[in-house]
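The values are calculated or read from the model by the stated rules, or taken from the named source; none is laboratory data. Bear in mind that the values here come from a model prediction, so they are computed numbers and not experimental data. Here the Cβ positions follow ideal geometry from the backbone for every residue, glycine too, while neighbour counts run over all protein chains shown. The protein model used for the area step is the full one, side chains on, heavy atoms only, and it has no ligands, DNA or RNA in it. Shrake-Rupley method; radii C 1.70, N 1.55, O 1.52, S 1.80 Å.
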There are 2 protein chains.
Amino acid sequence: MTGQRSPADLEAEILAALSHPNRIRILEYLRKDVRCNCELAPALDLEQSNLSRHLKILVQAGILVSWKEGLRVNFRVTDERVFKLVDLALAVAKHGIEERAGVLEQA
Amino acid sequence: MTGQRSPADLEAEILAALSHPNRIRILEYLRKDVRCNCELAPALDLEQSNLSRHLKILVQAGILVSWKEGLRVNFRVTDERVFKLVDLALAVAKHGIEERAGVLEQA
DNA sequence: ACACTCTATGAGTATACGCTCATACACTCA
DNA sequence: TGAGTGTATGAGCGTATACTCATAGAGTGT
């Protein structure tokens with residue numbers, strides 16, 4: 001069932017998990033520190049249940065791991081390379097904007 | 001309208017455009033060469049209209065550029081870094097699989 | 001046991017996405 | 001001009017996603 005996924009499928013799963021602004025903002029918040037759900041909600045101005053579902057998506061994709069500490073649930077990035085990935089996405093996005101703005105448009 | 005997008009929004013747009021297996025397969029096919037729509041369809045076994053829409057998404061995201069050459073439309077990647085991005089996604093995916101498989105689970 | 005706090009989830013809704021069929025559009029060549 | 005080829009798009013369908021409200025679950029302290 002889960003073992004017959006092609007590289008394209010695996011890549012798409014990771015990228016889909018990252019393809020929402022709020023989930024990227026969550027990652028940004030986790031760039032330096034381990035964080036618990038409770039401090040993410042106010043910082044990102046997200047409904048608690050909404051945040052919980054976004055976090056679940058990131059955990060299920062293997063991008064985050066979570067562990068309980070009393071009432072709280074803490075989160076940590078499993079692979080620092082996701083930050084490089086997100087940074088590359090921004091670079092590619094900016095490149096595309098510049099191209100469309102005509103910076104490189106001399107035929 | 002389009003100028004008020006945060007970095008997270010920009011990143012999410014690129015990642016969303018890449019978050020489908022068929023679009024990743026399209027990119028893989030473009031990794032070395034410029035390709036036209038007509039040869040992508042049979043190679044990837046996609047319905048023509050379906051492929052056309054996937055290509056449109058990639059173009060609108062600024063990941064591909066297209067130009068006409070007679071009847072055909074050719075496509076080229078605008079920024080080679082998307083390949084690094086996709087490669088990173090695979091690395092992160094495999095890392096997550098290994099972690100879940102218990103390779104790194106000694107507490 | 002109880003109240004209290006933090007997190008997860010069921011239910012419902014609105015919107016977005018992916019796909020297909022049919023058809024319109026663009027271009028070439030006779 | 002008309003036939004032929006390659007691409008784009010409208011319409012329709014089924015599914016997936018994002019969000020919210022309400023509530024259940026899990027852990028703490030009294």
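Does A:Lys56 satisfy the criteria of being within 16 Å of DNA strand D (Cβ to nearest atom), at pLDDT below 95 and either open to solvent by 30 Å² or more (accessible area, probe 1.4 Å) or more than 10 Å from chain B (Cβ to nearest Cβ) (or both)?
So A:Lys56 does not fit the description; no.
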Filtered residue count, region B:1-21, keeping only those that are out of contact with any Pro (no Cβ under 6 Å at 6 or more places or on another chain) and surrounded by fewer than 16 Cβ atoms within 10 Å (Cβ to Cβ): 6
Qualifying residue in region A:12-30 (condition: outside any helix (DSSP H, G or I) and either among the hydroxyl-bearing types (Ser, Thr, Tyr) or at pLDDT below 95 (or both)): yes
Residue under evaluation A:Ala17, criteria (1) without any contact (Cβ under 8 Å) to a residue 24 or more places away in the chain; (2) more than 7 Å from chain B (Cβ to nearest Cβ); (3) small (Gly, Ala, Ser); (4) within 14 Å of DNA strand D (Cβ to nearest atom), criterion not met: (1)
Whichever residue in region A:62-71 is within 14 Å of chain B (Cβ to nearest Cβ) and open to solvent by 20 Å² or more (accessible area, probe 1.4 Å) and, among such residues, is nearest to DNA strand C (Cβ to nearest atom): A:Ser66
Selection status of A:Phe75, assigned to a strand (DSSP E or B) and more than 15 Å from DNA strand D (Cβ to nearest atom): yes
Residues located in region A:73-94, provided they are within 9 Å of another protein chain (Cβ to nearest Cβ), more than 13 Å from the chain's Cα centre (by Cα) and either open to solvent by 40 Å² or more (accessible area, probe 1.4 Å) or in contact (Cβ under 8 Å) with a residue 24 or more places away in the chain (or both): A:Lys94
